[in-house]
Each structure stands twice: as structure tokens, then as C-alpha cells.
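Structure, as C-alpha cells:
The values are calculated or read from the model by the stated rules, or taken from the named source; none is laboratory data. Please read all numbers here as calculations on a predicted model, not as lab measurements. Virtual Cβ from ideal backbone geometry, glycine too; neighbours counted across all protein chains shown. For the accessible areas, the whole protein counts, side chains as well, though only heavy atoms, and no ligand, DNA or RNA atoms are used. Shrake-Rupley method; radii C 1.70, N 1.55, O 1.52, S 1.80 Å.
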Amino acid sequence: MVHTSKTGFPPTITLTTDFGLQGEYVGAMKGVMLNINPHCRVIDITHQISPQNILQAAFVLEKTNKYYPSGTIHLVVVDPGVGTERRALIIKKREHFFVGPDNGVFSFILDEKGKTEAVEIKEKQYFLSPLSSTFHGRDLFAPVAAHLSLGTDLKKFGLPAKDFVRMEWPRAELKENRLAGKILWADSFGNLITNITREEYGSLLEGNPILIKGAGWKIQHLARTYAEARPREPIALFGSSDLLEIAMNQGNAYQRLGIKPGEIIHIEVQE
Amino acid sequence: MVHTSKTGFPPTITLTTDFGLQGEYVGAMKGVMLNINPHCRVIDITHQISPQNILQAAFVLEKTNKYYPSGTIHLVVVDPGVGTERRALIIKKREHFFVGPDNGVFSFILDEKGKTEAVEIKEKQYFLSPLSSTFHGRDLFAPVAAHLSLGTDLKKFGLPAKDFVRMEWPRAELKENRLAGKILWADSFGNLITNITREEYGSLLEGNPILIKGAGWKIQHLARTYAEARPREPIALFGSSDLLEIAMNQGNAYQRLGIKPGEIIHIEVQE
Amino acid sequence: MVHTSKTGFPPTITLTTDFGLQGEYVGAMKGVMLNINPHCRVIDITHQISPQNILQAAFVLEKTNKYYPSGTIHLVVVDPGVGTERRALIIKKREHFFVGPDNGVFSFILDEKGKTEAVEIKEKQYFLSPLSSTFHGRDLFAPVAAHLSLGTDLKKFGLPAKDFVRMEWPRAELKENRLAGKILWADSFGNLITNITREEYGSLLEGNPILIKGAGWKIQHLARTYAEARPREPIALFGSSDLLEIAMNQGNAYQRLGIKPGEIIHIEVQE
């Protein structure tokens, strides 16, 4: 049974990896999938997860998968434990499929309410042979995703799995009127994305006077758009993925503000 | 009415943005489009427009769109004014559709001869809800482009628009026998692309002795191919997009010649 | 005759170039192909071959093409001789098609056993007009690949070709118990990929004590997975493309070990 025959449109497989775009890795994976299911459609989410950054992969997966149609297969290969005993998983949730290593990349999917089906991938007939010990993206995960896209039942790939490796969101800490947040990463504009979520701190920060101080700069209230600051003025706002970010209108906050991923910023809050 | 039923092939949506490839932005936009029209085909032009560089986006759009089939939808999201009062547009020209902010990115499309149809996008039923104030690429432009690809009529998205924000090509200046051109950007080979167009200066420069001088190097005539210079010798030629560029055979002019984007170069011309 | 009518799935054209992702080059090529064959599917292998690195392009092509379905057309544009007398080729091997310049990029495909068909591309009706002297990727190779994807016979594009430009693999050298290998490039993890092949040296190196010494570090045996080293410990292993690489568990060997592409490493071997 071909997946396309049910829906009339090509089954979609998304790719989220830390392979970068410069070598043979991504191109090999795409070939493996098209060879198994020439009808599937491969969509790059990103191949520029910071090397081995499982938190970032889990975040990007959470913030993108929900926009895709039901039936989409999301392949995540950020896999520092490749070749070891770490399990390989297929997870089904909300009619989406997730394929990748059991290392925490699916944490935020698993945190969601609703039914979870999962299997540990074990059936070697779905792998490339020989199976390398360094590139399961090509030899195991890509062929499994492609077979899923052909309509192969989840249960054919292995036995039910539970007790997954989980990663907690690194929550910001509020002590008295001081909120300590961490810079998680910079986006391509140089916007510094923090771990401070709108869900937890939106009502505290939006509309109230705040104070964030750095070397030669300060921010005194939350903005709504990038453009409402003067050029090169630092601003703070909740971005499109509902995390607080430090940005700069027409400038690169990462290059200019002297703070970087991994560092802690403090926000004084006046309620 | 589905667009595909008319043509028999998938409607194409091209993407030109400054989002980079490293985060969730592009992947989210693609999901939004595939969810609305699972038959559409999304083609990346580039996501590496320099941040907020409207001129570069306008140029890349002009130099690529014309190669695509009629009916293609070109989505351009270089949008420093996101969340402000800047208008959101659909422009139809030569049976191509252009979707993006009214900030100058469509200048060179609008400059072309021929009929222009345009609407200001206003109809909220085509947006994601809630509409963020920082990411209209995902919440407004992507869904509008996807609905266009379903065959939804232009006029359904809003009222006719005119008086667009325009950007002029930053023309080179010729005074007596001295042509002053600006380095606009470097390509991935390190070729330094100038604002000197073949249309305006081709007949002046091609075949005539010229002189461009830099720190320790000079160029004395226009080349036709990169390979006709000696290795690491600087050359000048009109590139594939008909702009004069300073290049280096088997080398990176940007890294080696001591000139960079934003700088002015002078060409002495002998007619 | 449309290619799709034979196979029921879209004909695939893969792209391997050194154009980078930042400008109009790749987007223009994709448009040209979709305009000629709106049914074709364009897959990016990579656009980040190091500028003019023909060896790297030949390697990536060899390590990816074999995973694709029969009938796939592989377009390779790493073309420092564009506009000169270098020939343009279509090669057919193992029911795959290869399109690109005759400069060595097809060396490892040609080295394979089995029948080779090849033509020199000469028929101008398949090119864009005018043909630029600097961008045959857009004006010659892309349209030829698209016409091939429509089912146009190989022989229509020109006369049979032979005596191709060939590049040899830069083999490692073993003298007594000392193996001298070259660092070819670093991947996006910073793994330093050498020219030492598993085919030639696997049985010598695997399972035997070895010694690789650098500034402040040494490696004494071959690993099987990245994870079996301690964090930040340098290791050597045969990677997924069967080349020996120097890597670092949870670290970037390129940034931390003080060796870089082009350098020679020495491995003491005890049999």
C-alpha cells in the first residue's frame, strides 16, 4: 500500500540534523529515501543544529512540526551516541511520526498531552546493509522513514518502547524581583534567544517596567516589534517562538552587545 | 479550483529570505504552506540575503524569477518593518505572482514594462491566528502564498494597491574618464560584485583599455572568463547577472584584494 | 515522451556545486530546469563544495549518487574553466546520468567497472540563448539536465566522447611502518577527513596498535564510534564514507588539534 494512494499528495519527510550542508551526508540520506519511496517529498527543516545540541534540535522540532500536515514524518538526526547502545525510535503523536535516536530530541513532543505510540526500531530488513557504526542517519533512520512513508505499519519496525530519555527545558529562575535567564543561541540576525518563555513570564514582563543592563547599554521595557527601537538600539521582546530575545533594530545584537550563548542575563522586574 | 488541475504540474512557490538556515524559521514557513496546499512545491532561492538588505533581495528576485514557469509564486521575506504599518502586497506581473512586504523588494519587478496588478493583503481569514508581530513570513505571507497556489483569486486577499515603496538602483557615476562604482556584495567565490551594469557601461568598458588600481594590484582590461587570468591575478569582467565584478582566478578577491562591500572603486577609461 | 510516463514518479535531478547558498546562482538554475520540465524534482546534494575543489566534488558525487534511484540525473557544476575550451559532458553509467564539465569531477564514476556511454554536449538548441561565458551552470548544464529529464536521448546532445580528464585519488603512502596521509577537508563537526581509505588500509589499521601524535595529544588505537572516546579526547576511525578521520567526541577536532586541511599526518603502525 502506497501512502500517496490514500491522500493524493506526496508523503512528506522533514529533516532536522546537525550535519551542515557542506559534505555528502545530507545528499546520501535523501538518495536513500528516494530510492525506497520515489514518491516521497523531502523537506529540509535545518541541517545547522549546533553540533550535538540536543536541546536545540528538540526545540526546533517542537516549533516546526505542528505546522505540517497530518501524516508527516519528522526525521531528526542529532546523534552523538551513534553506534552505541542508545535506542532508535519511531514515535507517533497527533498523526505525526517522529524518527530518531532516544537521546532527548523528542522530549517536548513527548511532553505534549495526548496518546503516544512508540516502537524501538530493531528490524534489520529496513536498514541498509552493512549498517555503519558512524552514520545511522543514512543507514537506519533514512530507510526507516522512507518505509514509513510507504505506509508500513509502525509495529513492523520493532516492539513497543517506553521510558524514553528526557530532557527538561532549562527554566529561567525568578528570585524576588530578579529574573535570571540564559542565552540559548543566536539566530541568523544575531538575535540572542533566551530560555525565558512567554507562557511562564509573559504576564510578568509585558507592560511592566524592566531593567536589563549590559556593558554600555540598557533596556527598560519590552518591545512588540523590532522596528520600534531606534537603529542599533538594543531591545527585548518575545519572538515568534515565544521566547524572550535580546535584539537590535538594523543591527546584530550578538556581535555588538558583548553577551553570548551560554551566558546568564538578569532582568530586574517592577510589578 | 486547484491550480494543479489547470497545468498538470505542482504549483511552485519560491522563497527568498534573510532568515538563514540555522533555526526554525524556514522550516515553519514550509510547514504552513504544505498544510494549506499539500500539492505545492517549495523551492529555496536563498535564505542568505544579508540581514535586512532590501536591495540585495530585490536584485536576487529580479535575476531569478524570470527563469521560472508562468504561474510561479515568489515569496520574499526581507522585512525589517514586520509588525509596523508597512503594507503586505501581492503583485502579479507577467503571469508571475510576488508576495511580500511593501518596502522596496519589488522595485525592479515594478520597473519592468507591462501590466501590473497589485493588492494590499488585508483579509485575515488567510492568515494564521494569532498573528504574531515579529514573524509575518510564517503567519501571513506563507499562508497567503499557499492560498494563491490553490488558485484563490488575487482580489480575494484585499483591495487594489498602488504607490509602492520604491528603491532606485544605486547607479555608478561617470565623470570625464573616471567611473566610480560601488562594491555591493561578495559572492561565495569572493567575487566582488559592483553596481556597474553591462547595460549602461558595457560598450564603454568592453574592448577598451581600462585601469583599476588597488594596494599592490592593477587591472588593465576587461576579461571574458575567469580562467583567462593567471592564478591569483585580479581580473574584472561582467558576470552572469550583467554586473561588473572584480574576481581572481583560483582565488578569493574579497579576502585578498583589500576592498570590501560598501567601498567605491574607480575605473579609468580610455575610449 | 515524458520521463514520468515511464516510471510514474518525478524524474530527479541532483545538484552538486560550489556556488554557495547566498546569491542568485542556485535559484536561477532551479528555475531554468522547472521551466523546461515542470515535473522534475530538484534535490540539493550540496552547494558548498570548496570553491573549485574538483577532488571534493568528485568524492561527494561518488559517495552520494549510488543511493539514488536508477534514472537520476546528477548535475555537477564545479567549473573553474567555464567559458574556455573545456568540454561539457553527459555520462551514462549504471542507468544514472551525469552532467557537467570535463575537468575531473567524474573521475571516480568513470573508474567504476561497467559500460560507460558519454557525449560531448554541443547542440545549442538545448542551451539558453545568449550563452554567457561565466555561468554555464544556468545556461548550458541546467537546461541539458532538464531536457534529459524529459526523456531526450543522450545522442541528441552531441557526438560520442572519450579520453576524459581524469583525476587520481591522492593515495596515502606507506613506508616501512609509517603511513603518511593527508587531511583533505573538515566536515561540519570539525572531523578531519584524510585520504586513507578503508579499502586499502582497513586491515592494517583496524585492531592493531597505532600511534598518531600531535601537539599535546596522541591516538593509540582505532575507534569504531565517536562516543567511545572520553569527551574532547581525539580519536581516529573510519567514517561513513570509509575514509580515516581524526575526530573528537563532543568537540571540534579541526579547531582544537592544530592540524588542518592540506597537512600530512603520520601514523606509526605495529603489525
*Looking at chain B, what % of its DSSP beta bridges pair antiparallel, to the nearest 5?*
70 percent
*With each label point set 7 Å from Cα along the Cα-Cβ vector, what nm distance links A:GLN270 and C:GLN270?*
7.2 nm
*asked:* Residues of region C:131-157 with backbone nitrogen within less than 14 Å of a virtual label 7 Å along the Cα-to-Cβ line of C:LYS122, please, listed as ranges.
replied: C:155-157
*Shape box of region C:115-164 [Cα atoms, principal axes, largest first, Å]*: 33, 26, 14
_Cut-off under 5 Å, modelled amide H: who pairs with C:ALA172 long-range_ = C:THR197
*Residue among A:MET29, C:ALA58, B:ALA180 farthest towards the positive dipole end of the protein assembly as shown, charges placed on Cβ*: A:MET29
*With point charges of +1 on the Cβ of Lys and Arg and -1 on the Cβ of Asp and Glu, referenced to the Cα centre of chain C, which listed residue (C:ALA161, C:GLY258, C:THR197) lies farthest in the positive direction of the dipole?*
C:ALA161
_Check: region A:13-134 dipole with +1 on Lys, Arg Cβ and -1 on Asp, Glu Cβ, in debye_ = 320 debye
*asked:* Per residue, how large is the accessible surface of chain B? Use a 1.4 angstrom probe and give square angstrom.
replied: 41 Å²
*Mind jotting down the distance between the C-alpha centroids of region A:37-112 and region B:217-271, whole Å?*
45 Å
*Put a label point 7 Å from Cα along the Cβ direction on C:LEU204, then list its distances to the equivalent points in the other copies in nm, shortest first.*
6.3, 6.3
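Within a Cβ distance under 11 Å of A:LEU131, other residues only, what is the Lys/Arg minus Asp/Glu net charge?
On the way: positive: A:LYS124, A:ARG138; negative: A:ASP139.
Local net charge: +1.
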_Please report the antiparallel percentage of the DSSP beta bridges confined to the protein assembly as shown, to the nearest 5._
70 percent
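Determine the dipole magnitude for chain C: charges of +1 sit on the beta-carbon of Lys and Arg, -1 on that of Asp and Glu, nothing else is charged, the reference point is the Cα centre, and the result goes in debye to the nearest 20. Show your work: numbers first, answer last.
Values: 31 positive and 30 negative charges, 76 e Å.
Computed charge dipole of chain C: roughly 360 debye.
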*Any idea what log10 I(q)/I(0) is at q = 0.05, 0.06 Å⁻¹ for the protein assembly as shown, Debye with uniform C-alpha scatterers and no solvent?*
-0.27, -0.39
*Taking the Cβ of C:ILE264 as the center, what net charge do the other residues with Cβ under 12 Å away carry, scoring Lys and Arg +1 and Asp and Glu -1?*
+1
*Quote to one decimal, in nm, the extra length available between C:SER70 and C:LYS260 on full extension: 0.36 nm per residue of separation minus the C-alpha distance between them.*
64.7 nm
*Which far-off residues, 5 or more places away or on another chain, put their amide H under 5 Å from the one on A:ILE43, with H placed in the peptide plane?*
A:ILE13, A:THR14, A:LEU15
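Taking the DSSP beta bridges in region B:7-98 as the whole, what percent of them are antiparallel, to the nearest 5? Provide the component values of the computation, followed by the final result.
Numbers: 3 of 15 bridges.
Looking only at bridges with both residues in region B:7-98, the antiparallel portion is about 20 percent.
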_Tell me the accessible surface of A:LEU174 in square angstrom (1.4 angstrom probe, heavy atoms of protein chains only), to the nearest ten._
80 Å²
_Viscosity 0.692 mPa s, temperature 37 °C: give me the Stokes-Einstein translational D for region B:51-150 in µm²/s, with Rh taken as the Kirkwood radius over C-alpha pairs._
239 µm²/s
*Ballpark to the nearest 100 Å², how much total accessible area do A and B bury together, probe 1.4 Å?*
2700 Å²
*Which three lengths, in whole Å and largest first, does region C:127-271 cover when its Cα atoms are put on their principal axes?*
59, 32, 26
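For chain A, would you read off the P(r) tail past 30 Å as a percentage of all alpha carbon pairs? Provide the component values of the computation, followed by the final result.
Working: 13744 of 36585 pairs.
The share of Cα pairs beyond 30 Å in chain A comes to 38 percent.
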*asked:* Inside 10 Å of the C-beta atoms of C:62-72, what's the mean count of C-beta atoms belonging to other chains?
replied: 6
*Express the carbon and sulfur contribution to the solvent-accessible surface of the protein assembly as shown as a percent, rounded to the nearest whole number, probe 1.4 angstrom.*
48 percent
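For chain C, what relative contact order do you get, as a whole percent, if you take Cα pairs closer than 8 Å and at least 6 residues apart? The partial results should precede the final answer.
Working: 553 pairs, mean separation 42.0, N = 271.
Reported relative contact order: 15 percent.
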*Calculated [θ] (222 nm, deg cm²/dmol) that DSSP helices of n ≥ 4 give over the protein assembly as shown, each run adding -39,500 (n - 2.57)*: -5000 deg cm²/dmol
*asked:* Could you derive backbone 3J(HN,Hα) for region C:157-164 from the dihedral phi with the Karplus parameters 6.51, -1.76 and 1.60 (θ = phi - 60°), listing whole Hz in sequence and x where the residue is Gly or Pro?
replied: 8, x, 8, x, 10, 8, 6, 7
_Residues of type aspartates and glutamates that A:LYS156 reaches as a straight line, Cα spacing below 20 Å, ignoring anything fewer than 8 places off in the same chain_ = A:GLU95, A:ASP102, A:GLU117, A:GLU120, A:GLU123, A:ASP139
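Among the listed pairs B:LYS124/B:LYS155; A:LYS66/A:LYS93; A:LYS93/A:LYS124; A:LYS124/A:LYS155, which have their C-alpha atoms separated by more than 22 angstrom in this model? Please list the in-between numbers first.
Working: B:LYS124/B:LYS155 14 Å; A:LYS66/A:LYS93 11 Å; A:LYS93/A:LYS124 24 Å; A:LYS124/A:LYS155 14 Å.
Result: A:LYS93/A:LYS124 exceed 22 Å.
Other chains near B:12-23: what is the mean number of their Cβ atoms within 10 Å of each residue's Cβ? Spell out each step's value before the answer.
Working: counts 5, 0, 4, 1, 2, 1, 2, 3, 6, 9, 11, 18.
Across B:12-23, the average partner-chain Cβ count within 10 Å equals 5.
Give me the net charge of A:ARG94's neighbourhood, meaning all other residues with Cβ under 9 Å from the Cβ of A:ARG94; Lys, Arg count +1, Asp, Glu -1.
On the way: positive: A:LYS66, A:LYS92, A:LYS93, A:LYS115; negative: A:GLU95, A:GLU112.
Taking every Cβ under 9 Å from that of A:ARG94, the sum is +2.
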*Please state the relative contact order of region B:100-194 as a whole percent: Cα pairs under 8 Å, 6+ residues apart?*
30 percent
*Specify the inter-centroid distance of region B:173-189 and region A:119-193, based on alpha-carbon positions, in whole Å.*
49 Å
*Quote the charge dipole size of region A:134-184 about the Cα centre in Debye, to the nearest 20; the model charges only the Cβ of Lys and Arg (+1) and of Asp and Glu (-1).*
80 debye
